Amino acid sequence: MAVVAVLGIVAGFFGLPATGLRSPTGAAQPTVTVTATVTAASDKPLQDKGGDQGTPAPTASSDATTAVFYHGTVRLEGYFELDTNPPSEGLAVGGDILLPETLSDGIARFADIRMALVEADQKPPTQSECANLVHTQGRDVVEATAGESLCLITGRDRTALVKLKKVLFGGTDDPNEDSAQAEITVWDK
């Protein structure tokens with residue numbers, strides 16, 4: 001009988017029905033409800049500095065956080081340097097934008113620098129849109145009229161938007177007067 005009682009205790013311990021004994025695991029357990037708040041994972045990259053891997057790395061939306069290096073109105077003629085603040089006339093050769101001539105019908109001809117034309121009826125591009133236009137539609141010679149804009153990348157990799165306000169024609173009497181008044185925005189890298 002002692003053997004049967006020991007077997008009953010061992011069987012009950014493993015959750016098998018036995019002689020009325022209950023194992024610790026077979027005892028009734030109270031119901032517990034847990035409420036948890038889960039935050040969706042971010043698609044931002046994680047910092048890799050050996051620290052807390054759960055902290056998102058700062059991301060810079062090129063339009064929301066890119067600082068403006070220069071914004072203002074200038075008179076363009078010849079080579080013009082946009083990497084100075086304010087922009088300045090360039091050397092005889094070199095600069096970020098070249099206006100070699102204007103035409104009598106109000107057209108400014110820009111050359112030697114890769115740029116993209118933004119027509120007057122289009123909304124002004126953001127910094128990233130402007131840079132993308134240069135990379136996908138850029139040309140080395142662009143003709144533009146008042147109201148149109150040019151996107152370009154400067155010698156120091158800044159993106160610039162040049163909106164023509166007025167095109168001045170010097171004519172054959174004074175070709176040195178060929179110029180354009182432009183509103184220029186140059187964004188930092």
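The values are calculated or read from the model by the stated rules, or taken from the named source; none is laboratory data. Computed from a predicted model, the values in this text were never measured in an experiment. Every residue, glycine among them, receives a Cβ derived from its backbone with ideal geometry; neighbour counts consider all protein chains shown.
Descriptive notes on the structure:
- Among residues of the range 93-112 that are farther than 20 Å from THR159 by Cα and outside the structural domain of SER179 (by TED's automatic domain parsing), none has a beta-carbon under 6 Å from a residue that is of a type in the set (A, V, I, L, M, F, W, C) and surrounded by fewer than 23 Cβ atoms within 10 Å (Cβ to Cβ) at least six positions away or on a different chain.
- Selection status of GLY78, of a type outside the set (A, V, I, L, M, F, W, C), surrounded by fewer than 21 Cβ atoms within 10 Å (Cβ to Cβ) and more than 17 Å from ALA182 (Cβ to Cβ): no
- Across the range 72-123, the number of residues qualifying as of a type in the set (Asp, Glu) and part of a strand (DSSP E or B) comes to 4.
- Residue among GLU89, GLU143, GLU101, GLU148 that is within 20 Å of PHE69 (Cβ to Cβ), acidic (Asp, Glu) and surrounded by 13 or more Cβ atoms within 10 Å (Cβ to Cβ): GLU89
- Flag for ALA57 being modelled with pLDDT under 90 and within 22 Å of THR185 (Cα to Cα): no
- For GLY155, the conditions (1) at pLDDT 95 or above; (2) not in a helix (DSSP H, G or I) all hold with the exception of (1).
- Unique residue being farther than 13 Å from LEU164 by Cβ, surrounded by 15 or more Cβ atoms within 10 Å (Cβ to Cβ) and small (Gly, Ala, Ser) when the list is GLY138, GLY106: GLY138
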